[in-house]
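Bear in mind that the values in this text are calculations on the coordinates, not laboratory data. Remember, predicted model here, so these are calculated numbers, not experimental data. Don't worry about glycine lacking a Cβ; one is built from the backbone with ideal geometry, like all the others, and counts go over all protein chains shown.
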Number of protein chains: 2
Amino acid sequence: MPSLDEDFLRHAIDLAKTARQHGEYPFGAILVVNQQLVHQTTDHCMSYADPTAHAEVTAIRNACKQLNTFQLEDCELYTSCEPCPMCLGAIYWSKIKKIYYACTRSDAASIGFSDDFIYNEIPKALHERTIPIEQVMWEEAMQVFKEWMLKPDRITY
Amino acid sequence: MPSLDEDFLRHAIDLAKTARQHGEYPFGAILVVNQQLVHQTTDHCMSYADPTAHAEVTAIRNACKQLNTFQLEDCELYTSCEPCPMCLGAIYWSKIKKIYYACTRSDAASIGFSDDFIYNEIPKALHERTIPIEQVMWEEAMQVFKEWMLKPDRITY
């Protein structure tokens, strides 16, 4: 069973502090397997000029590379702030088994980040969202999905 | 004003088909500025061994690199399937201005992908989610956020 190790979260918070000092956004994340640190990272949005390079997404991407795996079922995530919806999605896709976090989406909002706003957008009906979204050409695209289902060696996740 | 160009979506669907043929998941995405194609890509989860390398996230990451920008306010996204919550989060963070899609999250579920499941998890109360999540050490982490607020040149997004 996973059990909280506060030292890992303290380390993630230290990474957030380091990030701030180095001109990155103030977030840090650590992935742990069997109480051993696998990967530690800060947010890298600024230095990578990549709006998807949050600490959690970057940690998942790098840990998969490092462990030569596509799924992180044995990993626990320690993150200085509650994962945003993008990172939470990445956590579900990578199948991380437990998340420990410190600050909340509201705390992130209080220092100017959009985490809470995006959490509120996701469950909305599509026509009520801020970013317009429109569906077209369903039949053509479904044909590709139907062909996928005919693939005998298909693996989903 | 943005206006739908079906050729772009047809091309994204063709990319999804190509992806399937090359052993990737059957999804394709295109980013367009002023009716000009900026970046086209398929899902790359398999070849990158990266569970975050969906077509949309990969397109955003690469287009930012290509355009040397951190934000894609002028871009429209054409994607063969409704973006999953991770990709939708990335779309909000990158500030894409409009999304066109063909298949839905339910269609993705019907061929074995977790998009719809993850959409249902995101708005849940934290203790009701499938992946356990626990908050600890709030005060220590908030200290870093408070220090961030003292940074005169801070930029958020």
message: Between A:122, A:13, A:99, where does the largest GNM mean-square fluctuation fall for chain A, given springs only between Cα atoms within less than 10 Å?
response: A:122
- line: Over all pairs of different Cα atoms in region B:67-140, the reciprocal of the mean inverse distance gives a Kirkwood radius in Å of 14.5 Å
- prompt: Suppose every K and R has +1 on its Cβ and every D and E has -1 on its Cβ; what is the size of the dipole of the protein assembly as shown about the Cα centre, in Debye to the nearest 20?
  reply: 280 debye
Shielding by partners, peptide B:68-81 (average Cβ within 10 angstrom, other chains): 2
- request: Just round it to a whole percent: the fraction of Cα-Cα distances in region B:8-51 exceeding 14 Å.
  value: 46 percent
task: Work out, in µm²/s and without decimals, the Stokes-Einstein translational diffusion coefficient of region B:50-99 at 10 °C, 1.306 mPa s, Rh from Kirkwood over C-alpha pairs.
output: 147 µm²/s
message: Could you tell me the center-to-center distance, by alpha carbons, between region B:14-68 and region A:41-66 in angstrom?
response: 18 Å
field: Gaussian network model of chain B, springs between alpha carbon atoms under 10 Å - residue of B:38, B:57, B:136 with greatest fluctuation
entry: B:136
query: Considering chain A, which cysteines have no disulfide-compatible partner, defined as another cysteine with its Cβ under 4.7 Å away?
result: A:45, A:64, A:75, A:84, A:87
field: Computed [θ] at 222 nm, helices only, for chain A once each DSSP H run of length n ≥ 4 contributes -39500 (n - 2.57)
entry: -12500 deg cm²/dmol
- request: Averaged over every viewing direction, what's the projected area of the C-alpha convex hull for region A:106-157? Give it in nm², one decimal, please.
  value: 6.0 nm²
task: Quick one: compute the contact order of region A:54-157, relative version, from alpha carbon pairs under 8 angstrom and 6+ residues apart, as a percent.
output: 21 percent
task: Could you tell me which of B:29, B:127, B:111 has its Cα farthest along the dipole of chain B towards the positive end, charges placed at Cβ (Lys, Arg +1; Asp, Glu -1), taken about the Cα centre?
output: B:29
message: At 7 Å along Cα-to-Cβ for each site, give me the label-to-label distance between residue B:66 and residue B:147 in nm.
response: 3.9 nm
Translational diffusion coefficient (Stokes-Einstein; Kirkwood radius from C-alpha pairs) of region B:1-88 at 25 °C, 0.890 mPa s, in µm²/s: 191 µm²/s
- prompt: In the protein assembly as shown, how does Rg compare with the Kirkwood Rh, expressed as the Rg/Rh ratio over alpha carbon atoms?
  reply: 0.96
- request: Within 10 Å of each Cβ in peptide A:107-114, how many partner chain Cβ atoms are there on average? Round it to a whole number, please.
  value: 5
query: On alpha-carbon atoms, Rg over Rh for chain A using Kirkwood Rh?
result: 1.04
- request: Please state the charge dipole magnitude for region A:5-157, taken about the Cα centre, from unit charges on C-beta atoms (+1 on K and R, -1 on D and E), reported in debye and rounded to the nearest 20.
  value: 240 debye
query: When the dipole is taken about the Cα centre of region B:18-86, and only Lys, Arg (+1) and Asp, Glu (-1) are charged at their Cβ, what size is it in debye, to the nearest 20?
result: 200 debye
